[in-house]
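Visitor: This structure is in C-alpha cells; I'll ask about it shortly.
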Amino acid sequence: MATRQQVQLNVNGEVYDLEVPPKRLLLDVLRDDLGLTGARRGCEDGFCGACTVLLDGKAVHSCSVLAVRAAGHQVLTIEGLAQNGKLHPIQEAFIQHGAIQCGYCTPGMILAARALLDVNPHPMEQDVRWGLTGNLCRCTGYVKIVEAVLAAASGQ
Amino acid sequence: MEDFEYLKPTTTAEAVNMLAQHSGEARAIAGGQSLIPMLRARLVGPAYLIGLEAIPDLARIQAVDGSLRIGAMATHLEVATSALVRQRASILAEAEGLVGSPAVRNLGTLGGNLCHNEVGADPPPPLLALGATAVIAGPGGDRKLPLEQFFTGFLETALAEDEILAYVDIPAQPPGLASAYVKYRLRAVDRSIVGVAVALAIEGGVCREAKVALGGVGPVPFRSRGAEAVLSGNHPDERTIEQAAGAAMAEARPMSDAHASADYRRKMVAVFTRRALKHALGMG
C-alpha cells in the first residue's frame, strides 16, 4: 500500500514541504530527511527523552509522534535554539556549569528545560527535577544539569 | 512498523464510519503515546490509522447537566491543569499529573490511556472511585457504560471495532467528600506498582458511602467491594482503616513483572490503601 502523504512542517522557523509515508516518525524526518541530528535516537519507547523536541512550545518525544501529526505545527529542535550565532542562556549555563558529559541527552535536556522555564520562569529545585523526569542522563550528571537550569532561570 | 494509511476525520460520526468501513483493519489513534510504541514493536499492524486530533468536540472539558464531561482527546496535561477538573474531581487531576513524563502528558490523552487499559495506568482508579461513566460513540449512536464495565480483561475493553470512546462523565460528588489518590512506583515515569483511589462521603464522623479503587494489582482496575463494605456505615478510625486495607489486599489479583512480584504488590495494596484512607481523612 505504502502511499505517501504531503506534509508541510515548520521546523526552527523554516517551512519544509515533504512527501512521507504516513508511518514515518517525526524523529526520522528530522534526522534523516532534514539532517537535524540534534534529536537523538535513544530508547525509541518514549522513556529516555533523548529525542525530545518542542511541538508548539511543548516538549514531546519525537520517536512517538508521526510526521503527519506534526504537520501544521511549530517544531523546535536544538539547532533552532541559538539566535544569530548566540547560544541560548540555557545552553550557556550548561557549558558554564559543566552540565554536559557525553552529550547524548543534552539536546533533549535543554529543550525540556526551555519548555519548563517558559511555563515556570522561576522554578525551585524540585520543579526543575520534576520538569526533567522524562529525560535520562546515563553519565549521572543530574546535579550539574539542575544547577545549570536554575542558573539560567536566575539569569546567571 | 507496517505501512498504513492515515485518515483524519473531523467529526465523531465520520470517525465511526471509517472504523466501520475498515472494520478489522483500522485503529483509532489519540495521542499515540501507547499506540506508536506498539506499532513499532509490531504488536499491532492496522492498515488504517484513524487520527482523532481534528475533532474539536472530543477535546472539550465541560460541565453538562451537573456532571463533569471530559472529552477522550483531552490530554493528560489539560485534565491535570483544568480548573473545572481540579474543583470537581481533584483526585483525577492529581492522577493525571502523575502519568508518564511531561512529554507523555503533553500528547497522551485520557481516552487513549483508558482504551489501552494498561496495568498500572493512573486515571482509572480515581475515575472508578468517582463513579465515572464511559460515553461510547458507535454506528447506532452513543451508549453509556459504567466505567467499571469498560475494562474487560488484560489490555482489553468493551469497545467494539467500530466504536470509539467519546467522553468520560463524572457525576456531581457529595459535599464533604474525602478523597485521595496515592501511587507507588520506583521511577517517576513508571506506571503504578499499586495505585489506590478512595472517595468517602463523610457525615457526622461516619462514612456514609465509600468507594475504594485499585490499579496495577489485577488484569483490570477494580473497586474493592470488601474494603468499601468495611468502611460503609462506620466511623473510619485506625481499626476500621486497618480492616479495610486488609480487605483490599485480599481482593487483589496481581501479576509478577519486572517492576514487582505478585506477592510484593499484594502486600503493598494494604500499605497504600491504608495511606490513601489516612490521607483522605487528614490522618497523616
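Visitor: For a quick check of understanding: with a 1.4 angstrom probe and all protein chains in place, what accessible area in square angstrom does residue B:273 have, to the nearest ten?
Guide: Roughly 0 Å² of residue B:273 is accessible to a 1.4 Å probe.
Visitor: Right, another one. Would you kindly find the accessible area of residue B:38, with a 1.4 Å probe and non-protein molecules such as ligands, DNA and RNA excluded, rounding to the nearest 10 Å²?
Guide: 40
Visitor: For segment A:5-79, report the % of Cα-Cα distances exceeding 20 Å.
Guide: Details: 466 of 2775 pairs.
Within segment A:5-79, distances greater than 20 Å cover 17 percent of Cα pairs.
Visitor: Then there is this: Return the inverse of the average 1/r over all pairs of distinct C-alpha atoms in the protein assembly as shown, which is the Kirkwood hydrodynamic radius, in Å to one decimal.
Guide: Values: mean 1/r = 0.0438 Å⁻¹.
About 22.8 Å for the protein assembly as shown.
Visitor: Under 18 Å between alpha carbons, and skipping anything fewer than 8 positions from residue A:144 in its own chain: which aspartates and glutamates qualify?
Guide: Within the straight-line cut-off, residue A:144 pairs with A:92, A:125, A:127.
Visitor: Taking the Cα centre of each part, how many Å lie between segment B:248-284 and segment A:23-70?
Guide: Segment B:248-284 and segment A:23-70 have Cα centres spaced 37 Å from each other.
Visitor: Tell me which trypsin sites (Lys or Arg not before Pro) from segment B:162-219 have a DSSP coil assignment and no more than 15 other beta carbons within 10 Å of their own. Don't skip to the end; give the middle numbers.
Guide: Numbers: sites: B:183, B:185, B:187, B:191, B:208, B:211; in loops: B:185, B:187, B:191.
Filter output for segment B:162-219: B:187.
Visitor: Could you bin all the Cα-Cα distances of chain B into 5 Å bins starting at 0 and give me the percent of pairs in each, rounded to whole numbers?
Guide: Answer for chain B: a P(r) of 1, 6, 13, 17, 18, 16, 12, 8, 5, 2, 1, 0, 0 percent.
Visitor: Okay, moving on. Give me the compactness ratio for chain A, meaning the Cα radius of gyration over 2.2 N^0.38 Å. All intermediate terms of the calculation are to be shown ahead of the outcome.
Guide: Details: Rg = 15.6 Å, N = 156, 2.2 N^0.38 = 15.0 Å.
Against the compact-globule rule of thumb, the ratio is 1.04.
Visitor: Calculate how large, on average over all directions, the projected area of the Cα convex hull of segment A:89-153 is; give the answer in nm² to one decimal.
Guide: On the way: hull surface 14.2 nm².
Averaging across all directions leaves 3.5 nm² for the Cα convex hull.
Visitor: Still on this structure, please answer the following. Send over the Kirkwood Rh of segment B:59-170, from the inverse of the averaged 1/r over different Cα pairs, rounded to one decimal Å. Could the numbers behind the result be given before it?
Guide: On the way: mean 1/r = 0.0725 Å⁻¹.
Across segment B:59-170, the inverse of the average 1/r is 13.8 Å.
Visitor: What value in Å³ per residue do you get for the convex hull of the alpha-carbon atoms in segment B:5-50?
Guide: On the way: hull volume 2.9 nm³, N = 46.
Cα convex hull per residue, to the nearest whole number: 63 Å³.
Visitor: What whole number of Å gives the distance from the Cα centroid of segment A:95-156 to the Cα centroid of segment B:151-219?
Guide: 34
Visitor: I would also like to ask the following. Work out the P(r) tail for segment B:188-284: percent of alpha carbon pairs separated by more than 24 Å, whole number.
Guide: On the way: 867 of 4656 pairs.
Percentage above 24 Å: 19.
Visitor: Enter the accessible area of residue B:1 (Å², nearest 10), with the probe set to 1.4 Å and all protein chains included.
Guide: Number for this one is 30 Å².
The values are calculated or read from the model by the stated rules, or taken from the named source; none is laboratory data. Keep in mind it's a predicted model, so treat the numbers as computed, not measured. As a convention, Cβ positions derive from the backbone with ideal geometry for all residues, glycine included, and neighbour counts pool all protein chains shown. Areas reflect the complete protein model, heavy atoms only, side chains present, ligands, DNA and RNA absent. Shrake-Rupley method; radii C 1.70, N 1.55, O 1.52, S 1.80 Å.
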